[in-house]
Amino acid sequence: GQRGLIVAQPKTGKTVLLQEIANSISENHPEVYLIILLIDERPEEVTDMARSVKAEVLSSTFDEMADRHVKIAELALDKARRLVECGHDVVILLDSITRLARAYNTVQPSSSRILSGGIDAGALQKPKRFFGAARNIEGAGSLTIIATALIETGSKMDEVIFEEFKGTGNMELQLDRKLANKRVFPAIDIPASGTRREDLLMSRDELSRVWVLRKFMTDMSATEAMEFLKDRMKGTKDNEEFLLAMNG
C-alpha cells in the first residue's frame, strides 16, 4: 500500500526501469495483480510494454483526446479498488502522473485561479486523489501506485505539477541524465533517492548498515556511487548478504 514517485528527466531510461519493476513483481510476487497504465504515450512504447511484461496494460496514446486519457486512468483506478475490496494486492505502474495531470487540466472547467505554467488550480485535485488512493486496507487487500513524474522538459507546467506531487509519496527515486548519457543504468541518483520512515521496514542493525553505506557514498560522484553499488550487488545474492558485507 505504498506511493512511489520516479522522478525522471527525458531519456533517463524510466520506461525500461518500469518494465524491470513489472517483471520483478511478476516473478517474485505472482499473486499480486499488476496493472500498467500508460497515459499520453507513444504507440510503439505501448506495444513494447505489452510484449515485454506479464501484466494488464491499459493505455492511451498521444494522438487521442485528453478526455480519453482521463477515462482510461479512472477505469484503471476503479478496477484496482474493486480488486482491493475483494482482498487482492494490486500494483499500478503509472507513466506518467505528469501527463495525467496535463489531461485533467485540459478537461477541467476553467476557474478564476490559474497557477504559473497555465495550470488550473482545481485541475490537480483529481490526479492527487488518484495518487493518494494507494493504501493498505484493514480486512481487505492493498493498492500500491508507482508513478513517474517528468522534470526538466522545458515546460513550466510540468515543473509546477512536479512541485505539487513532490513529497506526497512514501518513496522517491530520482533518475539522473548524466548517468544515462554515460550509459550507466539504472541511472539512479542515489543521494537524492530514498524512502520515508525506512526504520519501519528494516531492523536496527540493517538500518545502521544502510546509514554507513550512504555516508560512505556521500563523497562519491553520482556515477561512482551507482557503479560501486552495482559492483557490490553483483557479488551478493540478496539484500541481507549485501548489507552484512558493509562494516559498521
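Remarks
- The phi-based Karplus calculation (6.51 cos²θ - 1.76 cosθ + 1.60; θ = phi - 60°) puts the 3J(HN,Hα) values of segment 71-81 at 4, 4, 5, 5, 5, 4, 5, 4, 5, 4, 5 Hz, whole numbers, x for Gly and Pro.
- Computed log₁₀ I(q)/I(0) - Debye formula, equal Cα scatterers, no solvent, segment 51-152, q 0.10, 0.13, 0.17, 0.22 Å⁻¹: -0.31, -0.52, -0.83, -1.20
- Helix 204-217 vs. the chain, principal-axis angle (Cα, 0 to 90°, nearest 10): 90
- The eigenvalues of the Cα gyration tensor, multiplied by 5 and square-rooted, give the chain an equivalent ellipsoid with semi-axes of 31, 22, 18 Å from largest to smallest.
- By the helix-only formula, in which each DSSP H run with n ≥ 4 contributes -39500 (n - 2.57) and the sum is divided by residues, the chain has a 222 nm mean residue ellipticity of -13500 deg cm²/dmol.
- Neighbour counts of C-beta atoms inside 10 Å place F185, F62, F165 in the sequence F62, F185, F165, starting with the fewest.
- In whole percents, the pair-distance distribution calculated for segment 1-119 from its alpha-carbon pairs, binned every 10 Å from zero, is 12, 41, 34, 11, 2.
- Cα Rg over Rh - segment 118-165, Kirkwood: 1.10
- Expressed as a fraction of 2.2 N^0.38 Å, the value expected for a compact globular protein of N residues, the C-alpha radius of gyration of segment 117-248 is 1.27.
- Dmax and Rg, reported as Rg then Dmax, of segment 163-219 (C-alpha, Å): 13.4, 37
- The value of relative contact order for segment 3-190, using C-alpha pairs under 8 Å at least six residues apart, is 32 percent.
- Largest mean-square fluctuation among N28, N136, N170, in a Gaussian network model of the chain whose springs join Cα atoms under 10 Å apart, belongs to N28.
- Assigned charges on the beta-carbon of Lys, Arg, Asp, Glu; the chain dipole about Cα centre (debye): 340
- Whole-percent pair-distance distribution, where bins are 5 Å wide, for the alpha carbons of segment 153-194: 5, 21, 18, 24, 21, 10, 0
- Within the chain, longest stretch clear of exposed trypsin sites (Lys or Arg not before Pro) (DSSP loop, no more than 16 other Cβ within 10 Å): 55-112
- log₁₀ of I(q)/I(0) at q = 0.24 Å⁻¹ - segment 197-247, Debye sum with one point per alpha carbon: -0.98
- In this structure, the amide hydrogen of I36, modeled 1.01 Å from its nitrogen in the peptide plane, lies closer than 5 angstrom to those of E56, V57, L58, L93, counting only residues at least 5 positions away or on a different chain.
- GluC sites (Glu not before Pro) restricted to DSSP loop in segment 9-87 with at most 13 other C-beta within 10 Å: E31
Computed from the coordinates by the stated procedures, all read-outs in this text should not be read as laboratory data. Predicted model, so just to flag it, every value in this text is computed and none were measured. Backbone-built Cβ (ideal geometry, glycine too); neighbour counts: all protein chains shown.
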